[in-house]
Amino acid sequence: MRKTNLILIGMPGAGKSTVGVLLAKRLGVSFIDTDILMQTGEGCYLQETIAEHGIDGFRRIEARYLLSVPPDCGVVATGGSAVYSRKAMTHLKSLGPAVYLKIGLEALKKRLGNLDKRGVLRMPGQTIDMIYEERRALYGAYADIIVSTVGVTPDQVVTAVLRQL
Ligand SMILES: Nc1ncnc2c1ncn2[C@@H]1O[C@H](COP(=O)(O)OP(=O)(O)OP(=O)(O)O)[C@@H](O)[C@H]1O
Ligand SMILES: O=C(O)C1=C[C@@H](O)[C@@H](O)[C@H](O)C1
Ligand SMILES: [Mg+2]
């Protein structure tokens, strides 16, 4: 087994949680989903944290959970909004390489349902196209490894990530 930490980043719906657990099993390491870490820590759904604290409040709270990820984290599936905290990303990238699970805008639109039900962070009136444009550069800048998730199964994404390690 090739034991290593990996930090998965990318748009909501890119497959970070789905692929993350499969990767952890293949690598023989732990798996942390920071969305779940935050939900259990806060004792409420992410949508409720957004409703209660607003976008900036959510980002601050999320950053706290991201900074709490320990050195023996294994594979970490981050929330799509993790890249808004430079401090948190610096911490996560000190633990292991950042793997950007990339998805094109058209494929993403098909995969995502109602954005609000998914709890995607967005300003009033901000469309998925606008969010995609804003984040693309951030994911790209933090990525050590980039793997496309379009037209491939989660297992094939796992194989593609392992090939690049
Ligand atoms: N390679 C793939 N091909 C098709 N569908 C996929 C693939 N990977 C994941 N999915 C599906 O896409 C949806 C979103 O996946 P997932 O929840 O893992 O995304 P995520 O990146 O963790 O999103 P979030 O940032 O919101 O947590 C799920 O329904 C999942 O089954
Ligand atoms: O991309 C986003 O804006 C988000 C994605 C989810 O994983 C959560 O981290 C949260 O609901 C925000
Ligand atoms: Mg997820």
Hand me the list of helices (runs of 4 or more DSSP H) wholly inside segment 1-114 holding 3 or more residues that are β-branched (Val, Ile, Thr). 16-27, 34-42, 46-67
Taking the conditions exactly as written (more than 15 Å from Val19 (Cβ to Cβ) and without any contact (Cβ under 8 Å) to a residue 24 or more places away in the chain), does Lys87 satisfy them or not? no
Candidate set: segment 87-118, residues that are in contact with a helix residue (DSSP H, G or I) (Cβ under 8 Å, 6 or more places away or on another chain) and within 13 Å of ligand 2 (Cβ to nearest atom); chosen: the one most open to solvent (accessible area, probe 1.4 Å): Lys117
Pairs, first at pLDDT 95 or above and more than 13 Å from ligand 2 (Cβ to nearest atom) in segment 17-44, second in a helix (DSSP H, G or I) and open to solvent by 50 Å² or more (accessible area, probe 1.4 Å), C-beta under 7 Å, six or more apart: Val19/Pro154; Leu22/Pro154; Leu22/Asp155; Phe31/Val21
Six or more apart or on different chains, Cβ under 7 Å: which pairs go from a residue in segment 136-165 that's over 26 Å from Tyr84 (Cα atoms) to one that's open to solvent by 70 Å² or more (accessible area, probe 1.4 Å) and away from ligand 2 (no atom under 16 Å from the Cβ)? Could you list them? Leu162/Arg26
Please verify whether segment 51-58 includes one or more residues that are of a type in the set (Phe, Trp, Tyr), open to solvent by less than 30 Å² (accessible area, probe 1.4 Å), at pLDDT 95 or above and within 16 Å of ligand 3 (Cβ to nearest atom). yes
Look through segment 9-29, keep the residues that are surrounded by fewer than 18 Cβ atoms within 10 Å (Cβ to Cβ) and more than 16 Å from the chain's Cα centre (by Cα), and return whichever of them is farthest from Val120 (Cα to Cα). Gly28
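The values are calculated or read from the model by the stated rules, or taken from the named source; none is laboratory data. Only a predicted model underlies this, so the values are computations on that prediction, with no experimental measurement involved. Counting neighbours? That spans all protein chains shown, and the Cβs are built from the backbone with ideal geometry, glycine included. Side chains included, ligands, DNA and RNA excluded: accessible areas come from the protein's heavy atoms. Shrake-Rupley method; radii C 1.70, N 1.55, O 1.52, S 1.80 Å.
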